[in-house]
1. Of 8, 48, 38, which is farthest on the positive side of the dipole of the chain, counting Cα position, with +1 on Lys and Arg Cβ, -1 on Asp and Glu Cβ, and the Cα centre as origin?
2. Quick one: net charge of residue 26's neighbours, Cβ under 15 Å, K/R +1, D/E -1?
3. Using a 7 Å offset from the Cα along the Cα-to-Cβ direction at both residue 24 and residue 55, what is the distance between the two label points in nm, to one decimal?
4. Tell me, what is the 1.4 Å probe accessible area of residue 60, in Å² to the nearest 10?
5. Expressed as an acute angle from 0 to 90° and rounded to the nearest 10, what is the orientation of the C-alpha long axis of helix 56-66 relative to the principal long axis of the chain?
6. Over the chain, with the other protein chains present, what is the accessible area per residue in square angstrom, probe 1.4 angstrom?
7. Keeping all protein chains in the complex and leaving out DNA, RNA and ligands, what accessible area do you get for residue 14 with a 1.4 Å probe, in Å² to the nearest 10?
8. Show 77, 5 ordered by accessible area, largest first, where the area counts protein heavy atoms only and the probe is 1.4 Å.
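The values are calculated or read from the model by the stated rules, or taken from the named source; none is laboratory data. This structure is a prediction, so every number in the text was calculated from the model and none was measured. Glycine gets a Cβ as well: all are built from the backbone with ideal geometry, and neighbour counts include every protein chain shown. We work out accessible area using only protein heavy atoms, side chains counted, and drop any ligands, DNA or RNA first. Shrake-Rupley method; radii C 1.70, N 1.55, O 1.52, S 1.80 Å.
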Amino acid sequence: MLQTMDLLAKALNEHPAPYWHAQLHLSRNALHNAKIRGHISPAIAGALAEKLGEDVDKWIVIAALESEKASACKERMLKRIKKLTSL
């Protein structure tokens, strides 16, 4: 399944973190902190996706699900998004 860390890795392969901080008007530690947490916020995911020409809505949903606490609902929605992203 796609994860926001995949999106971040793609972005960082294209340009270094300072470039993205400037482009998205982020604090200079925003992406570093996201890497430590293991996911990026839905807003940052959407903005990165937009700049990379990716599906913005899909990445916002993935980011929102990643930030949820473990639950049966989260697992059900992860399965749903996995089906949609594999089409």
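1. 38
2. +3
3. 2.0
4. Ignoring ligands and nucleic acids, residue 60 comes out at about 60 Å².
5. 70
6. On the way: 5650 Å² over 87 residues.
With all protein chains present, the chain gives 65 Å² per residue.
7. 100
8. Working: 77 80, 5 45 Å².
Descending accessible area places them as 77, 5.
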